[in-house]
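See structure below.
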Amino acid sequence: MEGEEDYGVSEEEEYFYADDGDSLDGLADNDDSALQWAPPKVSATKVITKESLLAAQREDLRRVMELLSLKEHHARTLLIHYRWDVEKLLAVLVEKGKSCLFTEAGVTVVENLDDDMPLTSSSTITCDICIEDASGDNATRMECGHCFCNDCWTEHFIIKINEGQSRRIQCMAHRCSAICDEAIVRNLVSRRHPDLAEKFDRFLLESYIEDNKMVKWCPSTPHCGNAIRVEEDEFCEVECSCGLQFCFSCLSEAHSPCSCLMWERWSKKCHDESETVNWITVHTKPCPKCHKPVEKNGGCNLVSCICGQSFCWVCGGATGRDHTWSRITGHSCGRYKEDREKQTERAKRDLYRYMHYHNRFKAHTDSFKLESKLKESILDKVSIAEERELRLKDFSWVTNGLNRLFRSRRVLSYSYPFAFYMFGEEFFKDEMTDEEREIKKNLFEDQQQQLESNVEKLSMFLEEPFQQFNQDKVMEIRMHVINVSVIIDKLCQKMYECIESDLLGSLHLGTHHIAPYKSKGIERASELSSCRNTKLGSTDEYLPCGGTLECDRPSGSGSSDDSGCSYRKRAKKEGGGFFDLNLPAEIVDRN
Amino acid sequence: MIDFARVQKELQECSRDVEASGIKVAPKSDNLGRLTGTIPGPVGTPYEGGTFQIDITLPDGYPFEPPKMQFATKVWHPNISSQSGAICLDILKDQWSPALTLKTALLSVQALLSTPEPGDPQDAVVAQQYLRDYQTFVGTARYWTETFAKTSSLGVEEKVQKLVEMGFPEALARSALESVGGDENLALEKLCSG
Ligand SMILES: [Zn+2]
Ligand SMILES: [Zn+2]
Ligand SMILES: [Zn+2]
Ligand SMILES: [Zn+2]
Ligand SMILES: [Zn+2]
Ligand SMILES: [Zn+2]
Ligand SMILES: [Zn+2]
C-alpha cells in the first residue's frame, strides 16, 4: 500500500490495526471508550449556581445535624469553623470528643434551658451593657445563658456584620466565646435594618463557597455567577457550565502538565518580555551623551553612537576616536573584559534556552487558536462525504480524531513550559546533578518528540481531502486516524506517568502538583440540582450503631471499633440517577 | 453614636469607689468622647509610687467598639511603646466586649503593669532587655517611673544637682541614680561604696 509510505506510519505502530476493515471494527467495538469522545454524563464535579447554593450547603448541614443531633445553626457554626470539611469535623469528633469539638467552634448546646430565670414580659432585667432596665420581652438570653437588652444585642450585631464578621458573631459577655444564634441575629437586625439582615444571610450562604477549599468561584469575567465544587482532588482542571475551562487550583487557564507554580512564572516571563529587556541590556549600552542604546559591532571596545559620540564599551565612558586593538586614545580603564563577556555569554545562553521552549510552546498554542476554523472546514468535508453514496456512513471517527488532536495539542503545548522549568535551574537546581538532569531531559524529550510527530501526523490525516476519496481510500484514512489517535492517547498517558513518577516523583520538593491527564478532555462540571428534597432522611443509614452518636469520649481512647461507634462507609449512591451531591465519598473506613 | 448615657453612668460608678480602686476617669472637656484615665503604679513593681495618665478616645460605636487608650505618661514596659505610649492589650482589640467598662479596662492596664508579657511585645527594645537583663530592666523602669510618673518628689535634675553639690562628678551621679531607679539614698550609698 503506497499510502502507508506517504503517511509515514512506521512498522512498530502497525499492530494497532490489521488491514481488513472487520478487525478494525472489532477494535472499535472492544475499545469503544478509547475511541468515542462522549464525556461521562454525570461528573463528580458540580456547578453551583445561585439557585443551588442553598441546596448544596444544606446537604452538609443535614449530614452534620443528623450525625450529631444538632440544630441547623449549630451545625452551620461547626461547619464554618471547620471550613465545610465534614471529614475533618468527624475526625476531630472521633479524636477529641463531642464537647471539645463544640467548644473549639464556639457551639453551646444547652441540654436543659435554665428554668430559674425565664424571661417573661412581666420580669425585668438590668442590661449590663447600657445599664438600663429592660422588660423580659425587650431582652434576649443567648444559649450560653448571657442576657442583654435587645437594643444592645442589635447594636452589637450591626457592628459585627459591618465588620464582615457575620460568620462568627460572638456573645457580648466578656470572654464568652459562644457564637450567637443566627435566627436571633436575623430577627433582631431585620427589625432595624432589613438590608443588613439580608447581607447577613448572604454572608452565611457564601461562606459555603468562600470558606470551603473544595469550592471556588468560577473565574469568568464578566462573572457567570457560578461556583465549582470538586471532589477529593483540588488539583484538577474543570469546565464551568459557562464554558470556561480553568485550573481549579490556581484559577488561571488550564495548563497541565505544567504545575501552577511553573505556569505562573511562565506567563509572567512571557508577558513582561523580561528576556528581551535583558537582551538589550546585554547587547547595547546607553551613549554617555544622548543616552540612546548603542549596539556593539565588531570586536573592539570602542563604539560610536549615531550622535557622533565615541565611548568605551567596557566602562561606558566617553572617549576620543583614535584607538588601536588594545587601547583607546585618551582613555584607560582597568575593567576586566572577560568578566563582562562571561556574563554576556550566560544571558545569551539563558535567552536561547527560553526561546527554544517558547517557540515550540507558541507554535502549538497558535495552532489551537485556529482550531475552530479547522473544525469548521473538516466538518464541511464530512457533510460532503455524507452526501455521497458510500458504504461507510459513520463519520464520527473524524470528530473523535479532531478532539484527540485538540486535546493532545494542549498537552504538548504546556509540556514545553514544564520542560523549561523541570530541566532549568530556577526550581530544581539542587535537586539533581547535571548528569541526572541530562538523562531525565533526554527521557522526556524523547517522549515529547514522539508525541509531537504523531500529533502532526494526525493533523495531516485529518486535512486529507477524504470527501473526494473512493471507498477504500476513505477506509484507509479512517484506520490511520483511529490508529494514530490511540497512539497519541497512550503517549499522553505515558508522558504524565513519566512526569509523575520519574521526574517530579523523585524530587523532595512537594510543591508541584499536576492536574491528572484526562483522556476525554477537561470534564465539564454537571449542574447541581437546586430542587433537591432536603427532608431529613433516616439517621440509621449513616450510623451503624443506630440512632444518635455518643462519641463524647476523651481523646486518645483508642479505636472506636469496640465501642460500637464505628463509622462505616456510607452508601455512595442513593439510587439510580440520584447522585449524591455533597458527600465526600466516605467517612473514615474502619473495616 | 457613642452611648453617652452609659459613659455618664460609668463615670459616676467610677468616682464612687475611687478610694478603693485608685482608678480615676475624667473627661478632658465637655465632650465625653475624650477622657483621661489615671492609674496608680501597682505595689511591688518598678512602677510603684508612680501615677500614670492614660489618654482615652471613645469611638462612635462605644461600648460596642473598644475605647482607644494610650499612655500619656512615659513608661518603660515591654507591652507599652516607650515612644508613643501605645498599649498592646487584647481586651483593647479583638477581645473587647461591650460588657467591659472604662474602669475594668483601666484595671486590666494596671494588671498589665504587674505582669508584662515580653512574648507579645509592643516595644521590642524593652522586651529584649526584660528577657536578657532583668535587673537593668527593673532599674530603667524604676528610673522612668521616678522621672516621669512622680510629680510631687524631686526631679532627676535636682537630685543630680544635689549629688554634684556633695562632690560627686555629674556623669557618675547620673548613672548611679539611673542604676538604682532614681532613689537618691540608694544612689548615694552606691556612690560611697563604689
Ligand atoms: Zn442594653
Ligand atoms: Zn455568652
Ligand atoms: Zn463559569
Ligand atoms: Zn493551576
Ligand atoms: Zn549619542
Ligand atoms: Zn576599532
Ligand atoms: Zn573604559
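Just a few scattered comments:
- Condition met for A:Lys348 (away from ligand 3 (no atom under 16 Å from the Cβ), modelled with pLDDT of 80 or more and either open to solvent by less than 90 Å² (accessible area, probe 1.4 Å) or not in a helix (DSSP H, G or I) (or both)): no
- Residue in the stretch A:236-260 that is surrounded by the fewest Cβ atoms within 10 Å (Cβ to Cβ), counting only those that are more than 15 Å from A:Val411 (Cα to Cα) and touching a helix residue (DSSP H, G or I) at 6+ places or on another chain (Cβ under 8 Å): A:Ser252
- Among the candidates A:Leu68, A:Leu89, A:Leu61, A:Leu54, residue that is under 15 Å from A:Val109 (Cα atoms) and touching a residue at least 12 places away in the same chain (Cβ under 8 Å): A:Leu68
- Qualifying positions in the stretch B:47-98 - among the polar types (S, T, N, Q) and more than 14 Å from chain A (Cβ to nearest Cβ): B:Thr51, B:Gln53, B:Thr57, B:Gln70, B:Thr73, B:Asn79, B:Ser81, B:Ser82, B:Gln83, B:Ser84
- Residue match in the stretch B:162-176 (condition: within 20 Å of the chain's Cα centre (by Cα) and either part of a helix (DSSP H, G or I) or more than 30 Å from B:Gln8 (Cβ to Cβ) (or both)): no
- All of A:Glu232, A:Glu206 fail the test of being of a type in the set (Asp, Glu), part of a helix (DSSP H, G or I) and either away from ligand 2 (no atom under 16 Å from the Cβ) or at pLDDT 90 or above (or both), apart from A:Glu206.
- Residue list for the stretch A:263-293, filter: modelled with pLDDT under 80, open to solvent by 70 Å² or more (accessible area, probe 1.4 Å) and acidic (Asp, Glu): A:Asp272, A:Glu273
- Residue list for the stretch A:81-97, restricted to those being in a helix (DSSP H, G or I) and either within 12 Å of A:Asp211 (Cβ to Cβ) or touching a helix residue (DSSP H, G or I) at 6+ places or on another chain (Cβ under 7 Å) (or both): A:His81, A:Val86, A:Leu89, A:Val92, A:Leu93
- Filter result for A:Cys224 (over 23 Å from A:Gly106 (Cβ atoms) and within 16 Å of ligand 4 (Cβ to nearest atom)): no
- A:Lys213 falls short on exactly one of the conditions (1) open to solvent by 60 Å² or more (accessible area, probe 1.4 Å); (2) in a helix (DSSP H, G or I); (3) more than 14 Å from chain B (Cβ to nearest Cβ); (4) of a type in the set (D, E, K, R), and that condition is (2).
- Residue within the stretch A:171-188 that is touching a residue at least 24 places away in the same chain (Cβ under 8 Å), more than 14 Å from every other protein chain (Cβ to nearest Cβ) and over 21 Å from A:His81 (Cβ atoms) present: no
- Screening the candidates B:Ile91, B:Ile87 for the property of being in contact with a helix residue (DSSP H, G or I) (Cβ under 6 Å, 6 or more places away or on another chain) and within 27 Å of B:Leu11 (Cα to Cα) yields one hit, B:Ile91.
- Strands (runs of 3 or more DSSP E) wholly inside the stretch B:19-126 containing at least 3 residues that are crowded, with 17+ Cβ neighbours inside 10 Å: B:34-40, B:51-57
- When residues of the stretch A:129-152 are limited to those that are crowded, with 20+ Cβ neighbours inside 10 Å and more than 23 Å from A:Phe102 (Cα to Cα), the one nearest to the chain's Cα centre (by Cα): A:Cys152
- Qualifying residue in the stretch B:109-131 (condition: within 14 Å of another protein chain (Cβ to nearest Cβ) and not small (Gly, Ala, Ser)): no
- Index of the failed condition, A:Tyr416 passing every other in (1) open to solvent by less than 50 Å² (accessible area, probe 1.4 Å); (2) under 21 Å from A:Phe466 (Cβ atoms): (2)
Rundown of residues vs (1) acidic (Asp, Glu); (2) out of contact with any Ser or Thr (no Cβ under 7 Å at 6 or more places or on another chain), yes/no style:
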{"residue": "B:Cys14", "(1), (2)": "no, yes"}
{"residue": "B:Asp17", "(1), (2)": "yes, yes"}
{"residue": "B:Arg34", "(1), (2)": "no, no"}
{"residue": "B:Thr45", "(1), (2)": "no, no"}
{"residue": "B:Lys68", "(1), (2)": "no, no"}
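- The condition of being open to solvent by less than 70 Å² (accessible area, probe 1.4 Å) and more than 29 Å from the chain's Cα centre (by Cα) holds for only one of A:Met422, A:Met479, A:Met460, A:Met432, that being A:Met479.
- Yes/no for A:Ser256 being among the small types (Gly, Ala, Ser), more than 16 Å from ligand 7 (Cβ to nearest atom) and at pLDDT 80 or above: yes
The values are calculated or read from the model by the stated rules, or taken from the named source; none is laboratory data. The model shown is predicted, which means the values in this text are computed figures rather than measured ones. Glycine gets a Cβ as well: all are built from the backbone with ideal geometry, and neighbour counts include every protein chain shown. What goes into the accessible areas is simple: the full protein's heavy atoms, side chains included, and nothing from ligands, DNA or RNA. Shrake-Rupley method; radii C 1.70, N 1.55, O 1.52, S 1.80 Å.
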